[in-house]
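The values are calculated or read from the model by the stated rules, or taken from the named source; none is laboratory data. Keep in mind that what you see is a predicted model, and the values were worked out from it rather than measured. Cβ: placed from backbone, ideal geometry, glycine included. Neighbour counts: every protein chain shown. We work out accessible area using only protein heavy atoms, side chains counted, and drop any ligands, DNA or RNA first. Shrake-Rupley method; radii C 1.70, N 1.55, O 1.52, S 1.80 Å.
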Amino acid sequence: MQFQQLVYFVAVAETRHFTRAAERVHVAQPSLSQQIKALERELGAELFSRARGNIALTDAGEALLPLARRILADADTARLEVQELAQLRRGRVRLGATPSVCTGLLPGVLRAFHAEHPGIELLIEESGSLDLVRELARGALDLALIALPLPPSAPALDTVELLTEDLVVVSSAQLPPPGGGGPLTVSGLRDEPMVMFRHGYDLRDLTVAACRAEGFEPVFTVEGGEMDAVLGFVRAGLGVAVVPAMVVGHAGPGLRRTPLEGAPLRRTIALAHRTDVAPPRAARELKRMLLGG
């Protein structure tokens, strides 16, 4: 069994057409057909049913397809690993981060990383922590900057605490300040209409939990937005929002920042990756830079 034969087999299985499969793998159709027949002779079983020009997998073909895909995927992984080991000249890093971290922490670190490793492709996914944990679990991210603590349903992740963010209340600079302009506590948000993030943002759960701890349910005028949308709705006067302090400095004019007095709200950001899969070399190098190593 030859590696190229598996490439041809998967192409035919996915296109259900020998000519289109040959075009996909850039080989003449007769050559592809010959290699498929050679593979069938080697295995002692037909892989495709060719009745009336319709191409379908036989039982043997159905059994081989997931194994062939796994072999090709492993070969691709091996190729990427070898390329990355060649002095980190190639590769990619898939990094997830919360919006506040994307705005405040990442630009400087990514600029330094790119200067040292210009051949590494950086793929950034910006989302809430719960969504990022799910993306880590399904293997769509190499690393993620997420808020702790992890939800009970989270997969096994290695986490390293990176920073602690203070949370503040933002409101429209065109309206009177929340709480009448005096010191503001969480209980002072009882009568304030709020703009709330969509489900999947840890800031939503943290804010609602803090309000409930003070004995009230927050009132939402608008909910379901991402960070930029939430700040835009606040700027337009639709309500107040609880956001990380580092976001406000990058949010532009039109917003008022009010710290929370008493028991301040904070959240801890950690760098996470799956425990069962070692991050690729380029991701490990970015992790080192994020941790200040």
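Right, VAL170: free of Cβ contacts under 8 Å to residues at least 40 places away in the same chain, of a type in the set (A, V, I, L, M, F, W, C) and closer than 14 Å to GLY239 by Cβ or not? No, not satisfied. Pairs linking a residue in segment 265-293 that is under 23 Å from SER100 (Cβ atoms) to a residue that is surrounded by fewer than 18 Cβ atoms within 10 Å (Cβ to Cβ) and among the charged types (D, E, K, R), with Cβ atoms under 7 Å and 6 or more positions apart or on different chains, are ARG266/ASP166; THR268/GLU161; ALA270/GLU161; ALA272/ASP158; HIS273/ASP158. Within segment 1-50, being surrounded by 13 or more Cβ atoms within 10 Å (Cβ to Cβ) and either in contact (Cβ under 8 Å) with a residue 60 or more places away in the chain or aromatic (Phe, Trp, Tyr) (or both) holds for LEU6, VAL7, TYR8, PHE9, VAL10, PHE18, PHE48. Restricting attention to segment 221-238, which residues are over 29 Å from the mean Cα position of the chain (by Cα) and not hydrophobic (A, V, I, L, M, F, W, C)? Answer for segment 221-238, where residues must be over 29 Å from the mean Cα position of the chain (by Cα) and not hydrophobic (A, V, I, L, M, F, W, C): just GLY237.
Restricting LEU88, LEU64, LEU105, LEU95 to residues that are within 32 Å of the chain's Cα centre (by Cα) and open to solvent by 40 Å² or more (accessible area, probe 1.4 Å) narrows the list to LEU105.
Tell me the helices (runs of 4 or more DSSP H) entirely within segment 177-287 that contain at least 3 residues that are open to solvent by 50 Å² or more (accessible area, probe 1.4 Å). So that I can check it myself, show each step before the final result.
Values: elements: 202-213, 227-235, 245-248.
Where helices (runs of 4 or more DSSP H) fall fully within segment 177-287 and carry at least 3 residues being open to solvent by 50 Å² or more (accessible area, probe 1.4 Å), they are 202-213, 227-235.
Among the residues making up segment 108-126, a single one is open to solvent by less than 30 Å² (accessible area, probe 1.4 Å), farther than 17 Å from MET246 by Cβ and either of a type in the set (Ser, Thr, Tyr) or assigned to a helix (DSSP H, G or I) (or both): PHE113.
Given the conditions (1) at pLDDT 85 or above; (2) open to solvent by 40 Å² or more (accessible area, probe 1.4 Å); (3) in a helix (DSSP H, G or I), which single one is not true for ARG79? Going through the list (1) at pLDDT 85 or above; (2) open to solvent by 40 Å² or more (accessible area, probe 1.4 Å); (3) in a helix (DSSP H, G or I), ARG79 breaks only (1).
All told, LEU132 falls short of being assigned to a loop (DSSP other than H, G, I, E, B) and aliphatic (A, V, I, L, M).
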